[in-house]
1. Hey, among 117, 159, 189, which residue is loosely packed, with under 12 Cβ neighbours inside 10 Å and at pLDDT below 90?
2. When you go through 56, 46 one by one, which is the residue that is farther than 26 Å from residue 146 by Cα, modelled with pLDDT of 75 or more and in contact with a strand residue (DSSP E or B) (Cβ under 6 Å, 6 or more places away or on another chain)?
């Protein structure tokens, strides 16, 4: 049973398909090209249409008339012949986030295995049901690792993105560490504390001396009785002689 869910990872990472972004009556100070700030986690453009007419994708950074260029991670660039100056002009950009379910599952399975390895000293793993905090840790670390690998810039600036992502991953690690070390309880979805494994200290008879020693008995009457008992059972020999 996975602790993460694909839908939750998509939510935390904003890896969700977007139907389109509309720009209308847009002007630009650029002399030969116009750049449209997508402001989204865009890794793939599926289509760009100006007033209903599809533009052609190009790899040229300064696209010609009727063309567009996707400048990662945030801009769609078009030629100024296509600039939206009239109030009726409209540019519709359709895009997708290139994070597949398979990528999420591969990453999530690895994170779940890591969580189990951290919890194994205190709990029986894998957990029979997923406590809410473990689901959150798995979902958020999985989303963070995918964003880290793909460099998806969903913050206002790259530096902000790095800082916030790093903080989020570290906070999840701290929460997991507190649970794994027993500092914080692990609570299930019903509010009950999940039982830990019982600790039994390893020991062998060979590694421990007997706690009881006759020589430690200082009461003379008790010692005399022990001597007499051993004499009877040992046919005249004391316990020292046996």
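The values are calculated or read from the model by the stated rules, or taken from the named source; none is laboratory data. Since the structure is predicted, the reported quantities are computational estimates derived from the model, not experimental observations. Reconstructed Cβ throughout: ideal geometry from the backbone, glycine too, with neighbour counts over all protein chains shown.
1. Details: 117 fails: at pLDDT below 90; 189 fails: at pLDDT below 90.
On inspection, the qualifying residue turns out to be 159.
2. Numbers: 46 fails: farther than 26 Å from residue 146 by Cα.
56 is the lone residue from the list that is farther than 26 Å from residue 146 by Cα, modelled with pLDDT of 75 or more and in contact with a strand residue (DSSP E or B) (Cβ under 6 Å, 6 or more places away or on another chain).
Residue-wise test of (1) at pLDDT below 60; (2) under 22 Å from the mean Cα position of the chain (by Cα); (3) exposed (fewer than 11 other Cβ atoms within 10 Å of the Cβ).
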site	(1), (2), (3)
138	no, yes, no
148	no, yes, no
169	no, yes, no
175	no, yes, no
207	yes, no, yes
221	no, no, yes
229	no, no, no
